[in-house]
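Presented below is the structure to which this report refers.
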Amino acid sequence: MVVALECLLMQGLAEQGYIPHTPIVFPVTMGKRKPKTSPAPDPEPQTSFNPSKHGNLAQWFSAIVSAIAIILTLYFHYTANESKTGDEHVNALITANADPKFKEIERRLDELTAKVGDAEGQLKRLQGAVPDTRDKKLKLTAIKDSLDAAEQRKVVLPPAQLADYKNAVRGVPKSAGEYWTTVAAIINYQSFIQQMSGAAPDPAKVSALCLGLTNQGGMHSYGNVILGGAPISNCVVDLDTETFSNVTFKDSVIRYHGGPTILSNVRFVNCRFVLDIPVSTPTNPERNQFLMALLDAPDIKTVTVTSTRSPS
């Protein structure tokens with residue numbers, strides 16, 4: 001429309017003889033220009049993976065590693081069970097097909113092990129079972145049996161245990177049954193320890209029968225009185241019914257059965273005592289004095305008995 005108006009105007013001016021040197025510009029007032037718009041960006045390509053919806057790659061990698069770990073754990077567990085089952089099966093086959101001789105050897109070894117265990121248990125009881133000296137009701141037979149067993153098995157008891165035995169005996173009335181038998185067992189055991197160390201002669205090797213001292217082998221020693229003189233050595237001496245004064249016995253075997261005996265200033269040096277005191281032996285003061293002198297001696301190797309007579 002604007003162009004048409006311009007043409008009409010130019011035509012009218014031309015008819016009147018006026019020709020403008022410059023063109024007339026009419027401002028455009030009708031309508032508004034559309035603002036320029038930037039071109040729309042290209043749409044992003046559509047993909048099937050959405051991190052916000054499906055998680056990122058680290059999360060997926062962690063899930064995959066966890067799944068692999070579970071699978072490997074189950075596999076190794078299954079393999080271990082299969083291996084264990086196979087080993088048990090092989091062992092069962094070996095046991096079932098083992099040579100009967102091996103089974104017999106195994107049985108004998110088990111029996112030997114059991115016997116060794118019993119022996120060790122008895123030895124520990126002998127060496128470790130120290131009676132309670134505060135118990136006044138301690139059975140004397142238990143002490144005697146323990147000492148007899150130790151002597152038979154050649155077991156050396158600790159000095160402290162032997163001292164406990166002595167204290168236990170001293171705490172029991174002398175009128176108790178087997179009192180003197182137990183005292184004799186303690187003295188015999190102490191003398192036996194000397195024999196093992198070589199300090200006293202072995203009774204089996206000292207076989208010299210001394211006239212007037214030994215009641216054995218056709219010799220009869222009864223009611224003899226021996227006063228002083230040179231030391232008596234390497235003899236088997238029976239003390240029952242005998243009287244000794246100022247006598248020294250050396251390297252000898254001293255036997256006593258609990259009968260009456262009179263000892264005055266008698267020394268025993270390196271002697272082996274073999275005391276056999278039956279429970280039924282009548283009580284006599286000489287026996288009691290002699291046994292207590294031996295029991296109270298600090299060292300059984302050298303003992304001096306001052307007198308077996310009861311003080312008046």
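Taken together, the values in this text are just the output of simple stated rules run on the coordinates, not laboratory data. This structure is a prediction, so every number in the text was calculated from the model and none was measured. A quick note on method: Cβ atoms are made from the backbone with ideal geometry, for glycine too, and the neighbour counts reach across all protein chains shown.
Here are a few things to note about the model shown:
- Electrostatic tally near residue 295: other residues with Cβ closer than 11 Å to its Cβ, Lys and Arg +1, Asp and Glu -1, net +1.
- Fewest-first ordering of 257, 220 by other beta carbons within 10 Å of each residue's beta carbon gives 220, 257.
- Label-point separation, residue 196 to residue 111 (7 Å along Cα→Cβ), nm: 3.0
- Proximal charge balance of residue 240 [Cβ under 15 Å; K/R count +1, D/E count -1]: -2
- With θ taken as phi - 60° and the Karplus curve 6.51 cos²θ - 1.76 cosθ + 1.60 applied, the whole-hertz 3J(HN,Hα) list for segment 143-154 is 5, 4, 4, 5, 5, 4, 5, 5, 5, 5, 8, 6 Hz, x standing for glycine and proline.
- Amide H contacts of residue 240 (H built 1.01 Å from N, in plane; Pro and chain starts excluded): 257 sit under 5 Å, all sequence-distant by 5 or more or on other chains.
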